[in-house]
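The values are calculated or read from the model by the stated rules, or taken from the named source; none is laboratory data. Keep in mind that what you see is a predicted model, and the values were worked out from it rather than measured. For neighbour counting, all protein chains shown are included, and Cβ atoms are generated from backbone atoms with ideal geometry for every residue, glycine included.
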Amino acid sequence: MDDFRLARDLPILFGAFFVLTAAIGVVRFPDLYSRLHASSKLVTLGSAGIFLGVAFALSDAAAFTRLAAVLLFQFLTTPLSAYLIAQAAYLRGLPPILTGGVDEWGALGRADEVAQADREAQRLLAAESGEDEG
Amino acid sequence: MNRPTLVSLLAVVWALLLGDPALRHLAVGLGLGVLIVRLFPGGVGPGATLRRPDLRASLRRGVAWLRLLGFFLRELTVANVQVALLALQSRPRLNPLIVEVPLRLRSEGMLTLLAFTITLMPGTVAMGLSRDRRTLYAHAIGTADAEAARASIVRVESYLLPLETPPSSLSPTGGPA
Amino acid sequence: MIINLALGIVTLSVLLVTYRVLRGPSWGDRIMAFDFLSVNLVVLFALIAVRTGYLVMLDAALVLSLLGFLSTVALTRYLLLGRVMK
């Protein structure tokens, strides 16, 4: 019984520590791009730990599959949303703080080109499907 | 991702959502998966046909996947500890910079996997791809200089290269333009 | 009890992230903080499920994590391309 409690408590504490650290990082880091490091990386181990502990605490098959689904989904989506946010912010012209060196991308604020390319692709797609129907 | 993989993934997700991996739920999930893939054909990537299984090659690919998984779990732990230390230091030396990395990978799926992996790796977050998909841009913190950040991304890429399907088995047109 | 302690820690982290949502300073920070807030709330719901024994909380967590990701995708698409679907 004592052993079982250890399996429940240790992952939960471990996970809660990482979730709190991620929040501290999100508040303390100087710009959006650095904050994304905290919010995307730390939360994976944090939520994995908490969900593992919760699964041990509930020890129920239906709860276990749901927790597995949530964990899998979060694991897959967290890096994707970090990528999307960084890309949109950069192309929309939010300047990064770069004390470490130069910006090798050099496309800051060029969202218009991307939007233009997207509109062209949309038009091509519409023309294609129009031909298919007609 | 090819069609059978996608359909079986959807079936498993359906069973997980119902909270009961019984056979009939999986069957309903398979039916729904076929329907969804039929409705949204854009979700199936180029080269989405079943190839003739080659035991030798699939064994090699399996080993490569396992190596990637081991590497990924180790690096994920390191990344968490590193960023936690940076967040808790009184004066963190973030040293933020944006690097460009010329890519050797070509297929869309592998590029997605690369961006996914380096975002969870120590020091780097993927930020974007060039229009011709030949260059990846990433934001790095906590690395010594641009060369070190680039080297860590190239290392991930070298783990992914053996997983990429050779160009000959892709569809000749390379999918929708 | 350890669950109460974990609930306290995660609530503190939710408050810190809420500060970032309100403070900004850019809309990018707000989207990031909102996305992270939904992740925090998912974890909080899982802990509440243990505390109260309502397994229904896990379904709420699942739906919330789906909605959080979808809204992030929609917002970033809108801000980058000026359109969400069509």
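A few notes on this one:
- Residue check for A:S59: hydroxyl-bearing (S, T, Y), without any contact (Cβ under 8 Å) to a residue 24 or more places away in the chain and within 11 Å of chain C (Cβ to nearest Cβ): yes
- Remark: A:L6 falls outside the filter, which requires a residue to be within 22 Å of the chain's Cα centre (by Cα) and more than 7 Å from chain B (Cβ to nearest Cβ).
Residue-wise test of (1) more than 10 Å from chain C (Cβ to nearest Cβ); (2) of a type in the set (K, R); (3) within 23 Å of the chain's Cα centre (by Cα).
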site: A:G49; (1), (2), (3): no, no, yes
site: A:A63; (1), (2), (3): no, no, no
site: A:T77; (1), (2), (3): no, no, yes
site: A:L108; (1), (2), (3): yes, no, yes
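- Scanning segment B:84-132 for residues that are in a loop (DSSP other than H, G, I, E, B), under 17 Å from A:E104 (Cβ atoms) and not aliphatic (A, V, I, L, M) yields a count of 6.
- Condition check for C:S71: surrounded by fewer than 19 Cβ atoms within 10 Å (Cβ to Cβ), of a type in the set (S, T, N, Q) and more than 7 Å from chain A (Cβ to nearest Cβ): yes
- Consider segment A:85-134 and keep the residues that are in contact with a Phe, Trp or Tyr (Cβ under 7 Å, 6 or more places away or on another chain) and aliphatic (A, V, I, L, M). The one that is modelled with the lowest pLDDT is A:L108.
- Annotation note: Cβ proximity below 9 Å between a residue of segment C:46-58 that is at the interface with another protein chain (Cβ under 7 Å from one of its Cβ atoms) and a residue that is assigned to a helix (DSSP H, G or I) and polar (S, T, N, Q) (sequence gap 6+ or interchain) occurs for C:A46/A:S47.
- Cβ-Cβ distances below 8 Å connect the following pairs, each with a first residue in segment B:84-97 that is on the phi > 0 side of the Ramachandran plot and modelled with pLDDT under 85, a second residue that is in a loop (DSSP other than H, G, I, E, B) and aliphatic (A, V, I, L, M), and a separation of six or more residues or different chains: B:N95/B:I141; B:N95/B:A144.
- In segment A:16-134, counting only helices (runs of 4 or more DSSP H) that sit wholly within it, the ones holding 1 or more residues that are within 16 Å of C:F36 (Cα to Cα) and among the aliphatic types (A, V, I, L, M) span A:32-58, A:61-91.
- When segment B:84-125 is limited to residues that are more than 10 Å from every other protein chain (Cβ to nearest Cβ) and closer than 20 Å to A:Y33 by Cβ, the one that is nearest to the chain's Cα centre (by Cα) turns out to be B:L114.
- Qualifying residues in segment C:1-33 (those that are outside any helix (DSSP H, G or I) and more than 7 Å from chain A (Cβ to nearest Cβ)) - the one modelled with the highest pLDDT: C:P25
- When C:D29, C:D35 are checked against the criterion of being within 11 Å of the chain's Cα centre (by Cα), crowded, with 21+ Cβ neighbours inside 10 Å and among the acidic types (D, E), C:D35 stands alone in meeting it.
- Hits in segment B:133-159 (condition: of a type outside the set (A, V, I, L, M), assigned to a helix (DSSP H, G or I) and touching a residue at least 12 places away in the same chain (Cβ under 8 Å)): B:R150, B:S152, B:E157, B:Y159
- Cβ-Cβ under 7 Å pairs, at least 6 apart or on other chains, segment C:15-33 side within 20 Å of A:P95 (Cα to Cα) and without any contact (Cβ under 8 Å) to a residue 24 or more places away in the chain, far side in a helix (DSSP H, G or I) and of a type in the set (S, T, N, Q): C:M32/A:S39
- Among the residues making up segment B:1-45, a single one is more than 13 Å from chain A (Cβ to nearest Cβ), at pLDDT below 75 and not in a loop (DSSP other than H, G, I, E, B): B:G43.
- Which numbered condition C:R83 fails, given (1) assigned to a helix (DSSP H, G or I); (2) surrounded by fewer than 15 Cβ atoms within 10 Å (Cβ to Cβ): (1)
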